[in-house]
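As structure tokens, the structure follows; a few thoughts come after it.
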Amino acid sequence: MPDIRLPDGAVKHFDSPVTVAELAASIGAGLAKAALAGKVDGRLVDTSFVIESDAQVSIVTERDAEGLEVIRHSTAHLLAYAVKSLFPDAQVTIGPVIEDGFYYDFSFKRPFTPEDLAAIENKMSELAKRDEPVTRSLMPRDDAVRHFESIGEHYKAEIIASIPSDEPISLYTEGAFTDLCRGPHVPSTGRLKVFKLTKVAGAYWRGDSKNEMLQRIYGTAWTKKDDLDAYLHRIEEAEKRDHRRLGRQLDLFHLQDEAPGMVFWHPKGWSIWQQVEQYLRAVYRDNGYLEVRTPQVLDRSLWEKSGHWANYRDNMFTTESEKHDFAIKPMNCPGHIQIFNAGLRSYRDLPLRYGEFGACHRNEPSGALHGILRVRGFTQDDGHIFCTEDQIQPECVTFHDLALKVYRDFGFADVVVKLALRPTPRIGTDEQWDKAEEALRAALRACGAEWKELPGEGAFYGPKIEYHLQDSIGRPWQVGTMQVDFQLPGRLGAEYVAADDTRKVPVMLHRAIVGSLERFIGILIENHAGAMPLWLAPVQAMVLTITDRQREYAGQVAKALRDAGLRVTSDLRNEKITYKIREHSLQKLSYQLIVGDKEEQNQTVAVRTRSGEDLGTMSLPALLSRLQAEVAGKTH
């Protein structure tokens, strides 16, 4: 006879087991109608779940984050139901919830077309309007394998066959469609009202490029149409900002099949790179970092000692020479320890801060590559601090404040901090991990920071603080990290002479502010929609002539600005000025400086901004003062 405690502390007694739906009805008709699922002692369950003993229970509705997750999960199954209704020969595989939506992978004899996608979405709406009950059942594993094999669902049968034989298989049925799933799901298809299919993409079965290429249909689902419309607007805006499209349009970089995951930087793109790198180099210099450079290729023995060969081998590019195995470095930390080890270090040398713009290579799966945001060859603003345990907190506090300043300079004021904790495959003792995790918590408390903890997401050698930026359309991006490492220095023989003349192993802090420069520049391009702030812009101003008569004066203007350190070019073509202005506006130039006979006579320029605003005529000293102030202020 269960006693059920509700979130407000009230207790309801029942004389017999009761379902979540019956509990909701006993509280009120409105709640019964709104119930999507239940939470029983912290576990998310269907409304049909039977509560047989005392429990803490809450009713999940569309107002709850879990309610939206249940809706999206159920909509993924509605998608599979619709595909099977329209294309009976299609095989269903997996369909999880993802951020802002869901997807489902299908095996089908031909590619799905945009017309197919529209038909599938219409079918989903039709099935939802039927308001068919969604029911759960259990089946022995071997029976479930035979069932799905018998109906031609070989992928489902393969998934089920991998489940332990003593574990009953959970199935959900809606109308004529039954699918493998742990649940929970909405009580009926009529609860699914606000959804949209967005695109089709390729995806390998089980994420392995050796397997069949499946078709992944993406969709999104919401509780309100206004939320769906806002999401679709964000997606439309994101497509306009896609760094791959802007990279081509603005002639910044390109990628090609002969170098997968490697970037070909064009002059304009490399100019942006140089502004970012030189800014960060000044950060190194002004904050006590010594810039170093380490080799690209290191012997296997070093990676074995560091633990990378055992824990990271699949992500490393390797080579062989003279019967020795080598790896192209996926990270810079072992190399920095070699520099530390090259001399006798004293406690008086600590903290010792090394920084490197280190080129790294990681063997990312081809399906994971995405423009310059996810690449195989990249450069990090990588730094390592060798210190004592007592120096961990002040170093982390100093880094935190420095990172936030850098993000502000690049135009990111909204920063979310997360703390990634010990993963299952790791090196080191629990005591060391306890000490490392608490050191980072103490540093964040000292900064007055708020943070979210991420169990299991730390590196194999230590926990890390993560910095997540929010861009101009609200998307989060993870960039910088600060990691405490009690493992690698000792594994690679790093020592210093302590005050008592004993040898001790230093603590190593791994830190990066922007992380991969490639990825960070991609983020900048999308954040600014290609219209870079003046201090980062590859071309800060373009001088345009109205007629050939101003060629010499235009050259004088451009030279004067270049001599002052600005990046300026000229367009001296014999074209209509309106044509020139329109063409350069598409290149998102910060300033266009127009010179005609009048401007030459008065030694001025007519100034036009990227937004199309006409600032009128300015003398060169006045223009130079404006541009230099804007660059120095890093306004955006």
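The values are calculated or read from the model by the stated rules, or taken from the named source; none is laboratory data. Worth saying up front: this structure is predicted, and the values here are computed from it rather than measured. Because the Cβ atoms are built from the backbone with ideal geometry, glycine has one as well, and the counts that use them run over all protein chains shown. Only protein heavy atoms, including side chains, enter the accessible area calculation; ligands, DNA and RNA are left aside. Shrake-Rupley method; radii C 1.70, N 1.55, O 1.52, S 1.80 Å.
Considering only residues that are of a type in the set (V, I, T) and farther than 22 Å from P476 by Cα, look in the stretch 416-458 and name the one that is surrounded by the fewest Cβ atoms within 10 Å (Cβ to Cβ).
Step one: of the stretch 416-458, the residues of a type in the set (V, I, T) are 416-417, 424, 427, 429.
Cutting the leftovers down to farther than 22 Å from P476 by Cα gives us 424, 427, 429.
Numbers: T424: 6, I427: 19, T429: 11.
Per the stated criteria, the residue is T424.
Within the stretch 495-535, track down each residue that is in contact with a strand residue (DSSP E or B) (Cβ under 7 Å, 6 or more places away or on another chain) and polar (S, T, N, Q).
The one that is in contact with a strand residue (DSSP E or B) (Cβ under 7 Å, 6 or more places away or on another chain) and polar (S, T, N, Q): S516.
Take the residues of the stretch 567-585 that are touching a helix residue (DSSP H, G or I) at 6+ places or on another chain (Cβ under 6 Å) and open to solvent by less than 40 Å² (accessible area, probe 1.4 Å): which is modelled with the lowest pLDDT?
Applying the filter and picking the extreme gives D571.
Given the residues L402, L369, which is the only one that is surrounded by fewer than 19 Cβ atoms within 10 Å (Cβ to Cβ), under 23 Å from the mean Cα position of the chain (by Cα) and either of a type in the set (D, E, K, R) or at pLDDT 95 or above (or both)? I'd like the intermediate steps shown before the answer.
Numbers: L369 fails: either of a type in the set (D, E, K, R) or at pLDDT 95 or above (or both).
None of the others qualify; the one that does is L402.
Right, D54: surrounded by fewer than 24 Cβ atoms within 10 Å (Cβ to Cβ), within 22 Å of G175 (Cβ to Cβ) and touching a strand residue (DSSP E or B) at 6+ places or on another chain (Cβ under 9 Å) or not? Steps first, answer last, please.
Values: surrounded by fewer than 24 Cβ atoms within 10 Å (Cβ to Cβ): yes; within 22 Å of G175 (Cβ to Cβ): no; touching a strand residue (DSSP E or B) at 6+ places or on another chain (Cβ under 9 Å): yes.
So D54 fails the test.
Just a yes or no: is a residue in the stretch 580-594 free of Cβ contacts under 8 Å to residues at least 24 places away in the same chain and of a type outside the set (K, R)? Break it down stepwise before answering.
As a first pass, look at the stretch 580-594 and keep what is free of Cβ contacts under 8 Å to residues at least 24 places away in the same chain: 582-583.
Now narrow it down to the ones that are of a type outside the set (K, R): 583.
There is at least one residue in the stretch 580-594 that is free of Cβ contacts under 8 Å to residues at least 24 places away in the same chain and of a type outside the set (K, R).
I'm checking my understanding of the structure. Among residues of the stretch 534-548 that are farther than 18 Å from R608 by Cβ and at pLDDT 95 or above, which one is surrounded by the fewest Cβ atoms within 10 Å (Cβ to Cβ)? Explain how you work it out, then say what you get.
First, the residues of the stretch 534-548 that are farther than 18 Å from R608 by Cβ: 535-536, 538, 548.
Filter once more, keeping what is at pLDDT 95 or above: 535-536, 538.
Numbers: W535: 19, L536: 24, P538: 22.
Among those that are farther than 18 Å from R608 by Cβ and at pLDDT 95 or above, it is W535.
Yes/no matrix, rows are residues, columns are (1) open to solvent by 20 Å² or more (accessible area, probe 1.4 Å); (2) of a type in the set (K, R):
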{"position": "L488", "(1), (2)": "no, no"}
{"position": "R491", "(1), (2)": "yes, yes"}
{"position": "E495", "(1), (2)": "yes, no"}
{"position": "T502", "(1), (2)": "yes, no"}
{"position": "P506", "(1), (2)": "no, no"}
{"position": "H510", "(1), (2)": "no, no"}
{"position": "V514", "(1), (2)": "no, no"}
{"position": "E518", "(1), (2)": "no, no"}
{"position": "I521", "(1), (2)": "no, no"}
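From the set of residues in the stretch 337-355 that are open to solvent by 30 Å² or more (accessible area, probe 1.4 Å), assigned to a loop (DSSP other than H, G, I, E, B) and in contact with a strand residue (DSSP E or B) (Cβ under 8 Å, 6 or more places away or on another chain), which is farthest from I513 (Cα to Cα)?
Going through the qualifying residues, I end up with L344.
Find all pairs meeting these conditions: Cβ atoms under 6 angstrom apart; at least six residues apart or on different chains; first residue within the stretch 210-232 and over 19 Å from A82 (Cα atoms); second residue open to solvent by 80 Å² or more (accessible area, probe 1.4 Å).
Pairs found: T223/E62.
Would you mind finding the one in M542, M532 that is in a loop (DSSP other than H, G, I, E, B), within 39 Å of the chain's Cα centre (by Cα), within 26 Å of Q249 (Cβ to Cβ) and of a type outside the set (D, E)?
M532
It is to be established whether one or more residues within the stretch 24-35 are surrounded by 12 or more Cβ atoms within 10 Å (Cβ to Cβ) and either within 36 Å of the chain's Cα centre (by Cα) or at pLDDT 95 or above (or both). Give the derivation first.
Of the stretch 24-35, the ones surrounded by 12 or more Cβ atoms within 10 Å (Cβ to Cβ) are 24-27, 31-32, 34-35.
From what's left, either within 36 Å of the chain's Cα centre (by Cα) or at pLDDT 95 or above (or both): 34-35.
The answer is yes, given that some residue of the stretch 24-35 is surrounded by 12 or more Cβ atoms within 10 Å (Cβ to Cβ) and either within 36 Å of the chain's Cα centre (by Cα) or at pLDDT 95 or above (or both).
Could you figure out which of (1) β-branched (V, I, T); (2) open to solvent by 50 Å² or more (accessible area, probe 1.4 Å); (3) at pLDDT 95 or above isn't true of T319?
(3)
Give G383, G462, G480 a once-over and let me know the one that is within 30 Å of R234 (Cβ to Cβ), buried (at least 22 other Cβ atoms within 10 Å of the Cβ) and in contact with a strand residue (DSSP E or B) (Cβ under 8 Å, 6 or more places away or on another chain). Steps first, please.
On the way: G383 fails: within 30 Å of R234 (Cβ to Cβ); G462 fails: within 30 Å of R234 (Cβ to Cβ).
It is G480.
Which number in (1) in contact with a Ser or Thr (Cβ under 7 Å, 6 or more places away or on another chain); (2) crowded, with 17+ Cβ neighbours inside 10 Å; (3) within 30 Å of A25 (Cα to Cα) marks the one condition that R182 misses?
Among (1) in contact with a Ser or Thr (Cβ under 7 Å, 6 or more places away or on another chain); (2) crowded, with 17+ Cβ neighbours inside 10 Å; (3) within 30 Å of A25 (Cα to Cα), R182 violates only (2).
Return the total of residues in the stretch 69-100 being within 17 Å of K193 (Cα to Cα) and surrounded by 20 or more Cβ atoms within 10 Å (Cβ to Cβ).
Selection size over the stretch 69-100: 13.
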